[in-house]
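S.K.: Supplied in structure tokens, the structure appears directly below.
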Amino acid sequence: MFNNQRYLTAGVAAAIPDYLQLFLWQCIDRLPEECDYLQVFRLEPFGGMQQIRHTSEQPEYSMLCMIPADEPITAKIYVIDDDDHSTMLLAEEY
């Protein structure tokens, strides 16, 4: 899963800095072989850092990361794999 063409929506391109987009794809690359087609990322500022909570339902998965950020953002991002391609989109674009 997630080993196919990767795309992002215009909303992600406009709202999510490039370094965060790359970090989220790296999180996807580190997933166990058996993973859900839907990955969820919740981004929130936390004490001058960018907090990233990565979750999925089947099998249940959760990871919390903190990375330095000059301007942390708040966003909910989905990454969906449909066997043909993977798309990163803002939750409100779903």
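Coordinate-derived values only; no laboratory data. Note that this is a predicted model, so its numbers are computed, not measured. Glycine also receives a Cβ, built like all others from the backbone with ideal geometry; neighbour counts cover every protein chain displayed.
S.K.: Taking the conditions exactly as written (without any contact (Cβ under 8 Å) to a residue 40 or more places away in the chain and out of contact with any strand residue (DSSP E or B) (no Cβ under 7 Å at 6 or more places or on another chain)), does residue 22 satisfy them or not?
M.R.: Judged against the criteria, residue 22 is a match.
S.K.: Taking segment 34-63 on its own, how many of its residues are more than 23 Å from residue 6 (Cα to Cα) and either under 11 Å from the mean Cα position of the chain (by Cα) or not acidic (Asp, Glu) (or both)?
M.R.: 7
S.K.: Taking the conditions exactly as written (closer than 22 Å to residue 3 by Cβ, within 11 Å of the chain's Cα centre (by Cα), buried (at least 17 other Cβ atoms within 10 Å of the Cβ) and among the aliphatic types (A, V, I, L, M)), does residue 20 satisfy them or not? Talk me through it step by step, then tell me what you get.
M.R.: Numbers: closer than 22 Å to residue 3 by Cβ: yes; within 11 Å of the chain's Cα centre (by Cα): yes; buried (at least 17 other Cβ atoms within 10 Å of the Cβ): yes; among the aliphatic types (A, V, I, L, M): yes.
Spelling it out, residue 20 is indeed closer than 22 Å to residue 3 by Cβ, within 11 Å of the chain's Cα centre (by Cα), buried (at least 17 other Cβ atoms within 10 Å of the Cβ) and among the aliphatic types (A, V, I, L, M).
S.K.: Name, by its number, the condition in (1) exposed (fewer than 10 other Cβ atoms within 10 Å of the Cβ); (2) more than 15 Å from residue 65 (Cα to Cα) that does not hold for residue 1.
M.R.: So the condition that residue 1 fails would be (1).
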